[in-house]
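Notes follow once the structure below has been shown.
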């Protein structure tokens with residue numbers, strides 16, 4: 001199975017997800033909108049691309065900005081959060097997540113790594129799957145599309161680079177974020193693996209049904 005990752009930031013890569021995808025024997029292809037290189041095939045308008053994939057029932061997983069783009073493609077509002085979430089924040093699954101194919105295997109409450117200033121409204125017809133005290137954190141749209149606001153894919157090395165290149169307002173938190181990450185990253189990566197494995201299982205099942 002071929003997995004396509006559409007990347008927006010120079011340091012926003014698949015991280016842990018790439019390892020899981022490779023272990024499952026799938027091929028990973030990257031289209032970047034941040035490396036000054038055009039994708040191998042043109043993306044006329046990303047919103048239209050997402051809507052087309054939704055219409056076809058192609059499994060989708062939007063992470064952070066990807067969740068916001070997925071919400072926008074489904075005609076939900078996207079705008080600034082009441083306050084940014086940069087660092088580790090508590091997230092709780094909603095009751096609807098208990099039977100969800102992708103998030104259902106996660107702990108009901110966990111500390112998630114976040115790095116965002118914007119949030120989204122849950123699209124009409126979608127099911128909210130997780131929240132933080134600040135904003136919605138995950139949703140399922142239809143049977144094959146998920147958005148997560150938290151960064152389940154990040155490795156400790158990625159976070160270190162984000163902190164080093166981060167905005168001025170986190171300069172005073174560098175030591176705190178680094179220490180907190182060292183303490184929490186192992187458990188967080190286990191959650192990331194669970195989530196990615198579950199999404200790949202749904203994608204494999206979809207591909208098998210379509211064959």
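The values are calculated or read from the model by the stated rules, or taken from the named source; none is laboratory data. Since the model is a prediction, treat every value here as computed from it, not as a measurement. All Cβ positions, glycine included, derive from the backbone under ideal geometry; neighbour counts span all protein chains shown.
The table for this structure:
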read-out	value
Selected residue (criterion: farthest from residue 68 (Cα to Cα)) from residues of the stretch 115-125 that are surrounded by fewer than 21 Cβ atoms within 10 Å (Cβ to Cβ) and out of contact with any helix residue (DSSP H, G or I) (no Cβ under 7 Å at 6 or more places or on another chain)	125
Residues within the stretch 163-200 that are under 20 Å from the mean Cα position of the chain (by Cα), assigned to a helix (DSSP H, G or I) and at pLDDT below 95, tallied	1
Residue count, the stretch 78-99 (criterion: over 19 Å from residue 64 (Cα atoms) and either touching a helix residue (DSSP H, G or I) at 6+ places or on another chain (Cβ under 9 Å) or surrounded by 15 or more Cβ atoms within 10 Å (Cβ to Cβ) (or both))	1
Hey, residue 140 surrounded by fewer than 18 Cβ atoms within 10 Å (Cβ to Cβ) and either farther than 29 Å from residue 205 by Cα or modelled with pLDDT of 95 or more (or both) or not	no
Within the stretch 1-110, strands (runs of 3 or more DSSP E) holding 3 or more residues that are in contact with a strand residue (DSSP E or B) (Cβ under 9 Å, 6 or more places away or on another chain) and at pLDDT 95 or above	60-63, 78-93
Unmet criterion (only one of (1) modelled with pLDDT of 95 or more; (2) under 23 Å from residue 57 (Cβ atoms)) for residue 114	(2)
